[in-house]
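Below is one structure, written out as structure tokens; comments come after it.
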Amino acid sequence: MFRLYKRSEVKNIVLTIMSQLMPKEVQISRIEFEGPEIAIYIRNPKILAEHPEIARDIAKKLKKRIVIRTDPAIRKSKKETEEIIKQLVPPEAGIKEIKFDEVLGEVIVKAHKVGLVYGKGRSIYNKILAETGWRLNVVRVPPVDPRDLDTLNKIIDYMLSQSSYRLSFLRSSGERIHRGVIFENRYVRITGLGGFMEVGRSAILVETGESRVLLDVGINPGGDGFSLYPRLDIEQLKPEELDAVIVTHAHLDHMGLVPYLFKYGYRGPVYVTKPTRDLMVLLQLDLLDIMQRGNQKPPYTQLEVKKMILHTIPLEYGEVTDIAPDIKLTFYNAGHILGSAMAHLHIGEGLHNIVYTGDFKFGRTRLLDKANTVFPRVETLIMESTYGDRDQPRRDVAELELISTISRTISRKGKILIPVMAVGRAQEILLVLVDALNRKLLPQETKVYIDGSIREVTAIHLTYPELLSTQVRSRILRDENPFDHENVIRVEGRQMREDIAKSDEPAVILATAGMLNGGPSVEYLRMLASDQRNTLVFVSYQARGTLGRRILDGEREITMVGEDGRLEVVKINMEVKSIDGFSGHSDRRQLLAFLANIKPKPKNIILNHGEPQAIYSLAETIRKKSKYLGLPDVRMYTPSILDSVHVAGYA
Ligand SMILES: [Zn+2]
Ligand SMILES: [Zn+2]
């Protein structure tokens with residue numbers, strides 16, 4: 001039976017369990033709801049530091065995440081704490097900076113080797129807590145040009161400077177999450193607001209009798225005017241009444257409009273993985289910059305991006321988190337880009353379970369492990385279908401084709417322009433090119449220029465090696481930079497761009513944006529398009545309406561804004577080539593293999609994130625192969641935008 005709890009009851013349960021399991025000497029001063037966590041403020045951290053199993057047992061019993069905070073009065077001074085940290089942490093850890101968050105009682109240590117700061121089995125963490133009363137939070141500083149860590153440092157500093165606001169936000173959202181359920185109706189309804197029967201502007205509203213949650217809220221890379229936005233104008237979506245926003249990964253078609261919600265009154269949590277938070281901020285700021293330069297009116301400003309930062313709550317894969325009185329969220333690896341997640345929603349103690357795949361890759365890449373397939377329960381699967389109607393060539397075949405295309409272009413003294421999304425494809429292609437240079441598969445003088453936010457994004461990859469494939473991770477932990485080579489050169493400023501385009505030297509240019517929808521890749525295109533010795537290589541999906549898609553579909557005369565701001569007609573004489581097989585999406589074979597492997601088996605499958613022919617074709621294939629996939633009675637849904645699917649409850 002479903003239990004109905006009021007908030008006061010939740011607090012009572014917490015107090016009862018706490019009095020049973022928490023030793024008296026710990027001296028609890030108060031208990032607060034802080035975001036999805038229950039914060040226990042204590043005066044004597046020694047016992048909990050020496051016996052970390054106590055806090056673990058309490059969390060298990062409560063089925064809630066708990067955080068131990070110390071009473072400010074018992075914390076040692078900053079100076080003493082710094083000295084104790086320096087005594088306890090070995091010098092090889094390479095501590096770069098120590099900062100204090102007095103509101104949350106955290107000491108933030110930026111260091112080269114995170115593991116050495118925490119100590120084996122978090123032994124140093126516990127010692128620091130016991131001796132100083134401060135909780136350690138270690139941030140990895142990768143060995144890169146400090147400029148590449150600019151955005152990352154700004155995010156940390158900004159959160160630190162706004163710590164009091166953040167605490168009050170955590171308290172108010174915590175009260176809301178634990179407000180207790182009052183079920184009048186028990187139902188679960190899923191409505192597509194964007195990214196259904198199309199690729200772009202992904203947004204899904206999940207409603208229950210109790211709460212409302214938004215899964216992704218992206219921008220349409222090929223859209224203009226209203227088609228740029230998902231349908232946020234529907235009646236049941238009032239930003240100020242939403243319980244949570246969940247962002248699966250840092251591509252603009254999934255997170256480009258999160259700050260826009262803050263412009264219209266949303267003040268709740270944004271659940272993300274840590275790298276998604278960092279990448280999302282970087283890319284949103286980049287988008288504002290590109291739009292302003294292109295004389296477009298951006299949908300929000302830096303102010304809203306900052307508001308969003310303060311409302312993010314980072315989660316790790318596999319961490320079960322209360323996000324509403326009747327909904328728990330867990331992220332799982334999606335294998336698509338760094339930090340990408342599948343979102344599992346557990347609704348109403350067993351009423352219904354939804355898995356939303358977001359973009360996912362059920363296959364290994366150089367950069368990432370393949371997507372997760374095992375979930376505690378799943379009745380409804382919302383699955384992306386980008387390549388639902390086609391298979392992709394094998395990765396090694398695609399790599400060979402890329403290398404031979406580059407060699408061929410170089411031998412005729414041409415340049416290769418590869419438009420890439422800053423996150424994902426850029427790093428994957430860099431790994432391929434650096435490897436080819438190291439193995440001498442490319443002429444040794446081949447320069448690889450990278451332009452746009454790629455350098456900063458790559459630095460964020462080096463900050464979270466634990467989320468990358470085993471091979472890349474172990475190289476990073478050995479202090480190598482697998483994305484770097486002496487021939488890889490960062491481009492700075494317009495002049496350098498022009499010099500590269502005009503020079504006679506052959507070169508490979510990786511530039512954003514990946515669909516030629518603004519950014520430096522478009523500037524290079526304007527300068528390189530007329531020379532038939534050059535080659536334009538697409539390595540990722542080109543959404544409808546983008547310049548990339550139009551060229552791919554055969555357009556060879558395009559109107560562009562020239563240097564002087566006037567329109568000019570550019571003839572595309574350069575070779576145009578699309579190399580499939582580098583995609584971060586699952587192809588048809590991988591989508592089907594995912595369904596064959598998913599455990600347990602869903603009863604409903606809702607297809608999204610695909611053009612109509614991809615979705616219809618995939619639905620048909622799944623129906624035909626349903627027995628083989630272990631889904632004999634599955635119900636297939638192929639909704640359009642604004643269609644709703646009732647997946648649970650009484651009709
Ligand atoms: Zn994506
Ligand atoms: Zn997408």
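The values are calculated or read from the model by the stated rules, or taken from the named source; none is laboratory data. Predicted model, so just to flag it, every value in this text is computed and none were measured. Because the Cβ atoms are built from the backbone with ideal geometry, glycine has one as well, and the counts that use them run over all protein chains shown. What goes into the accessible areas is simple: the full protein's heavy atoms, side chains included, and nothing from ligands, DNA or RNA. Shrake-Rupley method; radii C 1.70, N 1.55, O 1.52, S 1.80 Å.
In summary, Asp359 fulfils each of the numbered conditions (1) in a loop (DSSP other than H, G, I, E, B); (2) more than 16 Å from ligand 2 (Cβ to nearest atom) with the single exception of condition (2). Anything in segment 622-651 that is closer than 25 Å to Glu210 by Cβ and open to solvent by 80 Å² or more (accessible area, probe 1.4 Å)? List them, or say none. Selection gives Arg635, His646, Tyr650, Ala651.
Mind checking whether some residue in segment 322-337 is at pLDDT 95 or above and either farther than 21 Å from Thr357 by Cα or of a type in the set (Lys, Arg) (or both)? Yes, segment 322-337 contains a residue that is at pLDDT 95 or above and either farther than 21 Å from Thr357 by Cα or of a type in the set (Lys, Arg) (or both).
If you go through segment 56-111 and keep only what is more than 30 Å from Leu21 (Cα to Cα), part of a loop (DSSP other than H, G, I, E, B) and under 27 Å from the mean Cα position of the chain (by Cα), you end up with nothing. Output the number of the condition that Thr365 fails; it satisfies all remaining conditions of (1) closer than 18 Å to Ile598 by Cβ; (2) within 16 Å of ligand 1 (Cβ to nearest atom); (3) open to solvent by 10 Å² or more (accessible area, probe 1.4 Å). Here Thr365 meets the rest and fails (1).
Annotation note: of Ala596, Ala619, the sole residue that is within 16 Å of Ile382 (Cα to Cα) and open to solvent by 30 Å² or more (accessible area, probe 1.4 Å) is Ala596. Going by the conditions given, is Arg425 away from ligand 2 (no atom under 16 Å from the Cβ) and modelled with pLDDT under 95? For Arg425, the condition - away from ligand 2 (no atom under 16 Å from the Cβ) and modelled with pLDDT under 95 - is not met. Applying the criterion of being in a strand (DSSP E or B) and of a type in the set (A, V, I, L, M) to the residues of segment 22-48, the residue that is farthest from Lys76 (Cα to Cα) is Ile38. Taken over segment 415-438, the criterion of being among the small types (Gly, Ala, Ser) and part of a loop (DSSP other than H, G, I, E, B) is satisfied by Ala422, Gly424. Reported count of residues in segment 608-639, each being more than 16 Å from ligand 1 (Cβ to nearest atom) and in a strand (DSSP E or B), is 3.
Is it true that some residue in segment 223-235 is under 10 Å from the mean Cα position of the chain (by Cα), among the hydrophobic types (A, V, I, L, M, F, W, C) and either within 16 Å of ligand 2 (Cβ to nearest atom) or not assigned by TED's automatic domain parsing to the domain that holds Ile354 (or both)? Checked segment 223-235: no residue is under 10 Å from the mean Cα position of the chain (by Cα), among the hydrophobic types (A, V, I, L, M, F, W, C) and either within 16 Å of ligand 2 (Cβ to nearest atom) or not assigned by TED's automatic domain parsing to the domain that holds Ile354 (or both). Kindly establish whether Val213 is within 23 Å of Lys64 (Cβ to Cβ) and of a type in the set (Val, Ile, Thr). When the stated conditions are applied, Val213 passes them. Kindly provide the set of residues from segment 571-589 that are within 13 Å of ligand 1 (Cβ to nearest atom) and open to solvent by 10 Å² or more (accessible area, probe 1.4 Å), ordered by number. Within segment 571-589, His585 is the sole residue that qualifies.
Look at (1) open to solvent by 10 Å² or more (accessible area, probe 1.4 Å); (2) assigned to a loop (DSSP other than H, G, I, E, B) and you find that Asp253 fails only one, number (2). The set of residues in segment 392-414 being among the basic types (Lys, Arg) and either modelled with pLDDT under 95 or part of a helix (DSSP H, G or I) (or both) consists of Arg394, Arg395, Arg408. Residues in segment 239-250 that are away from ligand 2 (no atom under 16 Å from the Cβ) and either without any contact (Cβ under 8 Å) to a residue 24 or more places away in the chain or surrounded by 20 or more Cβ atoms within 10 Å (Cβ to Cβ) (or both): Leu242, Asp243, Ala244, Val245.
Within segment 581-605, residues that are within 16 Å of ligand 2 (Cβ to nearest atom) reach partners that are modelled with pLDDT of 95 or more and assigned to a helix (DSSP H, G or I) with beta carbons closer than 6 Å, at six or more positions or on different chains, in the pairs Phe582/Ala398.
Of the helices (runs of 4 or more DSSP H) entirely within segment 471-578, those holding at least 2 residues that are among the acidic types (Asp, Glu) occupy 493-502. Look at Val199 and say whether it is away from ligand 2 (no atom under 16 Å from the Cβ), in contact (Cβ under 8 Å) with a residue 12 or more places away in the chain and surrounded by 24 or more Cβ atoms within 10 Å (Cβ to Cβ). Taking the combined requirement at face value, the residue does not satisfy it. When the residues of segment 112-150 are filtered to those that are among the small types (Gly, Ala, Ser) and assigned to a helix (DSSP H, G or I), the one that is most open to solvent (accessible area, probe 1.4 Å) is Gly121.
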